[in-house]
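The structure under discussion appears below in the form of structure tokens.
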Amino acid sequence: MSAPLLAVQDLSVSFAGKAAVQGASFAIAPGEKLALVGESGSGKTVTALALLRLLHDARIQGQAMFDDGQATRNLLALPERQLRGLRGEQIAMIFQEPMTALNPLMTVGAQIAEVLRLKRLLSKNEAWQEAIGLLEKTGIPDPARRAGAFTHQLSGGQRQRAMIAMALACSPRLLLADEPTTALDVSLRGQILDLLSALQRETGMAVLLITHDLNLVRRFADRVAVMQQGRMVEQGAAASLFAAPRHPYTQQLIASKPARDVLENPPDAAAAPLLNAQELRVTYPTPRPGLRGWFSHGAFVAVQAASFALARGRTLGVIGESGSGKSTLAQAALGLLPAAWVRGDLRIGGQSWRHRAALDRPLRHVAQVVFQDPFSSLSPRMSVEEIVGEGLRVHASALSRAERAARVRAALAEVGLHEAQFPGLPGRYPHEFSGGQRQRIALARALIVEPELLVLDEPTSALDVSIQQQVLALLQRLQKERQLAYLLITHDVDVIAAMAHDVLVLKDGQVVESGPALAVLHAPRHPYTQRLLAAA
């Protein structure tokens, strides 16, 4: 490796005396792509934030020698004023979640222009035109119009591209990319990685990619550094590390691919379908421009003529890119959309949604949901006992408080959460648990009312590979024990291969291919399905 752009020696970070990173050492050469991988809590993000001293109340030790083109300086010892000059200009960062990292009260163009005016001292008009140019470089369609859009008006991929445009505004020498593709579908992940690679080659910047997605690492990185519980356990060239990992933890990470363990022919599979849809169509009203918008609405068709059936004990996987209609289909199945928006015939156990709370209550007992992000779907102000037991107050109101508490403990034990492992478990709050543990709490909340159908909306996309494997194994066990039917919404082909009996492929609201999951995955017929699988 040539003279390093950044050389980190014995980096240690602790909070209130508790070590988060211990003695980490690594280097990045100019123009190199280094991937920092490991499970949640391994110290990856803390390491990156420590380099820019963006951690609150943290004790940081060690050295981080950075070549800014004029001198090599220790980032960890620089005065704040000098470090502020390097942030954004010499070292830029793409944060994991653009919805929280971008200002919701400013247009994306104004946010990029603000960086240009502060760092490069451009005029207001020059900064705006440069912001449009940066958005165009990142591949956003109609960049002049998108520059005037607010964060919520952009898709996930467009928000991530806007973040990249802001990070590249000052042509940094080093880019820190913290899980830049976690919430994106496989096609968008590939596009963002290809974009970063192209920009990296064009500008010559170095990239530190922080991720738990090993498929991305194989595709993107020159070298890999593996972290476990705050320690650097292995480093090496990407090709050689994947071919012959030395450390047991690295071997475990690479081997953590979801395994298929389902009943291929469940006992009730030949019975009448639990969930049945015929010619399902969902249309959203949209505003019309000008005076016409006062008197009428336009229409956006999100799902077009979708027909499918799901029996007890089986899993129907639904895959497609962002905006393909996956989540809309799930909301229709759960009766969460206004009746005026939904056409066609959709029945659960032979019954249709009435769209009246009292009449739909029996169906709410049959169909439950597990959302993508358990941290946002679990109330931070409610204890675990209150969260998991909430459904019993509605569907089993005759239970006494003691009986309800016993049912809560049994539901938590069923998903692998025990008081012996977590003292005071019922009284704890969601922030006291890891991502995988929070997803188990969300699953216990759904299971406690003894449903027959679970809608799983990207249940593992926010989890690292080993925790994902554990959650999928739990779902497989519960399905076999309870004969549960799963409607699985995901963009992860590995999850479909491990869980699904049948699959629907959605594109622009239309079912372009369907059939037995393994047959579709091994021999896709439609070009769109072929592209999805190639991107994965």
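The values are calculated or read from the model by the stated rules, or taken from the named source; none is laboratory data. Bear in mind the structure is a predicted one, so any value in this text is a computation, not a measurement. With ideal geometry, Cβ positions are generated from the backbone for all residues, glycine too; neighbour counts draw on all protein chains shown. The accessibility values were calculated without ligands, DNA or RNA, using every heavy atom of the protein model including side chains. Shrake-Rupley method; radii C 1.70, N 1.55, O 1.52, S 1.80 Å.
For the range 331-369, taking the residues that are charged (D, E, K, R) and farther than 15 Å from Ala277 by Cα, the one that is surrounded by the fewest Cβ atoms within 10 Å (Cβ to Cβ) is identified as Arg356. Applying the set (1) loosely packed, with under 13 Cβ neighbours inside 10 Å; (2) under 22 Å from Gln479 (Cα atoms) to Pro289 leaves exactly one unmet item: (2). Among residues of the range 427-451 that are free of Cβ contacts under 8 Å to residues at least 60 places away in the same chain and open to solvent by less than 10 Å² (accessible area, probe 1.4 Å), those with a beta-carbon under 7 Å from a residue that is part of a helix (DSSP H, G or I) and basic (Lys, Arg) at least six positions away or on a different chain give the pairs Pro430/Arg438. Apart from one condition, Arg59 fits all of (1) of a type outside the set (A, V, I, L, M); (2) touching a helix residue (DSSP H, G or I) at 6+ places or on another chain (Cβ under 9 Å); (3) over 30 Å from Ser461 (Cβ atoms); the exception is (2).
Does Gln235 count as open to solvent by 10 Å² or more (accessible area, probe 1.4 Å) and either β-branched (Val, Ile, Thr) or assigned to a strand (DSSP E or B) (or both)? Answer is yes for this residue. Residue check: is Asp57 open to solvent by 80 Å² or more (accessible area, probe 1.4 Å) and acidic (Asp, Glu)? Answer is yes for this residue.
Among the residues of the range 141-167 satisfying the criterion of being more than 18 Å from Asn103 (Cβ to Cβ) and open to solvent by less than 30 Å² (accessible area, probe 1.4 Å), which is nearest to the chain's Cα centre (by Cα)? Among them, the one singled out is Gly157.
Scanning the range 457-493 for residues that are in contact with a strand residue (DSSP E or B) (Cβ under 9 Å, 6 or more places away or on another chain), over 18 Å from Glu264 (Cβ atoms) and either open to solvent by 10 Å² or more (accessible area, probe 1.4 Å) or of a type in the set (A, V, I, L, M, F, W, C) (or both) yields Asp457, Glu458, Leu487, Ile489, His491, Asp492, Val493. The helices (runs of 4 or more DSSP H) located wholly in the range 66-129 that include 2 or more residues which are in contact (Cβ under 8 Å) with a residue 60 or more places away in the chain and open to solvent by less than 90 Å² (accessible area, probe 1.4 Å) occupy 98-101.
On the stretch given as the range 69-104, residues that are of a type outside the set (A, V, I, L, M, F, W, C) and either in contact with a helix residue (DSSP H, G or I) (Cβ under 7 Å, 6 or more places away or on another chain) or closer than 18 Å to Thr151 by Cα (or both) total 8.
What are the residues in the range 425-447 that are modelled with pLDDT of 90 or more and either over 30 Å from Ala311 (Cβ atoms) or touching a His at 6+ places or on another chain (Cβ under 9 Å) (or both), if any?
Within the range 425-447, Leu425, Pro426, Gly427, Arg428, Tyr429 qualify.
Taking each residue of the range 336-351 that is over 12 Å from Val366 (Cα atoms) and looking for partners that are acidic (Asp, Glu) and surrounded by fewer than 17 Cβ atoms within 10 Å (Cβ to Cβ) with beta-carbon atoms closer than 8 Å, six or more apart or interchain, yields Arg343/Glu279; Gly344/Glu279; Asp345/Glu279.
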